[in-house]
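The structure appears below as structure tokens.
The values are calculated or read from the model by the stated rules, or taken from the named source; none is laboratory data. Everything numeric here is computed off the predicted structure, so don't read it as measured data. All Cβ positions, even for glycine, are placed from backbone atoms using ideal geometry, and neighbour counts span all protein chains on display. Side chains included, ligands, DNA and RNA excluded: accessible areas come from the protein's heavy atoms. Shrake-Rupley method; radii C 1.70, N 1.55, O 1.52, S 1.80 Å.
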Amino acid sequence: MKILVTGGTGYIGSHTVVELQTQGHDVVILDNLSNSDMKVLDRLEAITGVRAVFYNADIRDKKTLDDIFEKEDIDAVIHFAGLKAVGESVQKPLMYYENNIGGTINLLNSMSEHGCKNIIFSSSATVYGTPAFVPITEECPKGTCTNPYGWTKSMIEQILTDTCFADKEWNVVLLRYFNPIGAHESGTIGENPNGIPNNLMPYVTQVAVGRLKELGIFGDDYDTPDGTGVRDYIHVVDLADGHVKALKKLEPGSGLSIYNLGTGQGYSVLDIVRNFEEATGVKIPYVIKERRAGDIAECYADSSKAFRELGWKAKKGIKEMCADSWRWQKNNPNGYAD
Ligand code: NAD
Ligand code: UFG
């Protein structure tokens, strides 16, 4: 298939391009480089031996989207493009709604006008809010999000659901990611956050490489085995493979499909520190801090639906995730900036 990957130079997008190309798909990447780097294209070519067609373009620019759909004969879109910094979304909600929701509506209009009605969307476990139960199945009711970023995911899910209902030619897959970490085994592509990382693993790797002094652990008084927050960390390469497997749910008549992509295994913050130290031999100094506003105690997936319907299952364990995150950070202490 010929796949348009929006946000394809970003963290999850770039890993998905590798899986798509190695599994025989044609890839066209669209990204405005607001949170990624052109160098990713060279790194991808070095891994797969194929240079992806690249458009430096913004999903809010309808005219350019139309030009791309006219020029390229796209079968399906995998839609990663979006802003994702939770704290920034609280400060700048309109920027998030405009970019993520406005951009997606533009994209859907352009797709529809050019007869491409197949899309896989990057959603998030954040749509469950404080989950009604764990492990979380797709039947778990959606909850109240704690920030505008989360609401953009929840609202885009609704927009796609309504679009699918109104026009039976649409096939939509909503993939709800749990916590992606890790990097391609080559250590040449990986997560490259701007400024001080918000998320746990990039914070840990930046402490390990000496860019940050120590990890702050946000709370040790949760109702979890060791008191620190429990999450379902998933290797980004497994996540990427989930997208390739999900392409089969874009066959005519498939309609709307929703899948959790996680491992089903929860790890606490202290588990991550311990596993990272064991996998890499690097010590991570930490201090216990106050709870972070909006955090929940535990969140992990029941991903058995993805196994039953897509034949997808996460394969890589926590040690491999830690080792691969570290290889990327160690080889690229300043991300793509070197
Ligand atoms: P990322 O920031 O590395 O990738 C997103 C890419 O989209 C970037 O390359 C950025 O330049 C591009 N982009 C942003 N706005 C754009 C626009 N208007 N037009 C064109 N390109 C634009 O983030 P990621 O971690 O790879 O996440 C990819 C997707 O998955 C996002 O939609 C994110 O919300 C979602 N997601 C991520 C996580 C996570 O923990 N990383 C969890 C759940 C869902
Ligand atoms: N944590 C720390 N210290 C840090 C960073 C995180 O103790 O410096 C803790 C958090 O309190 C939490 C755990 O590590 O218990 C994981 O935190 P992350 O910020 O890495 O991940 P979250 O589960 O909070 O959120 C992430 C993304 C969201 C996404 C969600 C589900 O940031 O966008 O996963 O996919 F919605």
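Quick look at the values:
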| item | result |
| --- | --- |
| Full-stretch length increase - GLU139, VAL50 - with 0.36 nm per residue and alpha-carbon distance subtracted | 28.1 nm |
| Length-normalised contact order of the range 186-274 in % [C-alpha pairs under 8 Å, at least 6 apart] | 27 |
| Cα-projected label distance for TYR336 with ILE105, points at 7 Å along beta-carbon direction, nm | 2.9 |
| Mean Cα-pair separation over length for the range 136-286, i.e. relative contact order, pairs under 8 Å, 6 or more apart, % | 33 |
| Degrees separating the helix 62-71 axis from the principal Cα axis of the chain, which is the longest one | 70 |
| Inverse mean reciprocal Cα-Cα distance (Kirkwood Rh) of the chain, Å | 20.2 |
| Selected from ILE29, ILE296, ILE196 as most flexible by GNM, with the chain as the system and alpha-carbon contacts under 10 Å | ILE196 |
| The range 1-102, accessible area per residue, ligands and nucleic acids excluded (1.4 Å, Å²) | 43 |
| Rounded tilt (10° steps) of 103-113 against the dominant C-alpha axis of the chain | 30 |
| Distance between modelled label sites at THR130 and SER254, nm, 7 Å Cα→Cβ extension | 3.6 |
| Extended-chain gain in nm, criterion 0.36 nm per residue less alpha-carbon gap, MET95 and VAL209 | 37.8 nm |
| Loop GluC sites (Glu not before Pro), the range 99-152, which have at most 16 other Cβ atoms in a 10 Å radius of their Cβ (DSSP) | GLU139 |
| Violating pairs (Cα-Cα greater than 21 angstrom) within the set LYS2/LYS71; LYS2/LYS117; LYS62/LYS248 | LYS62/LYS248 |
| Ellipticity estimate at 222 nm from DSSP helix runs (n ≥ 4, -39,500 (n - 2.57)) divided over the chain, nearest 500 | -11000 deg cm²/dmol |
| Under 17 Å from LYS316, Cα to Cα: lysines that are on another chain or at least 8 residues apart | LYS245 |
| Theoretical gain in end-to-end length, ALA293 to GLU278 [0.36 nm per residue, Cα-Cα removed] | 2.4 nm |
| Where a label projected 7 Å from the Cα of PHE307 along Cα→Cβ would reach, residues of the range 121-145 with amide N under 19 Å | 134-140 |
| Under 18 Å from the Cα of LYS63 - aspartates and glutamates, other chains or at least 8 residues apart | ASP31, GLU72, ASP73, GLU98, GLU113 |
| Whichever lysines have a C-alpha closer than 18 Å to that of LYS213, once near sequence neighbours (fewer than 8 apart) are set aside | LYS283, LYS289, LYS330 |
| Antiparallel bridge percentage (DSSP; both residues within the chain; nearest 5) | 5 |
| Rounded Å value of the spacing that divides the Cα centres of the range 190-240 and the range 16-76 | 29 |
| Low-density loop cleavage sites - trypsin sites (Lys or Arg not before Pro) in the range 169-227, where at most 16 other Cβ are within 10 Å (DSSP) | ARG211, LYS213 |
| Helix 269-280 axis, angle to the chain major axis (alpha carbon atoms, nearest 10°) | 90 |
| Cα→Cβ-extended label distance, 7 Å offset, between GLU70 and LYS2, nm | 1.5 |
| Anisotropy class of the range 146-240 from Cα gyration tensor, a/c 1.5 cut | prolate |
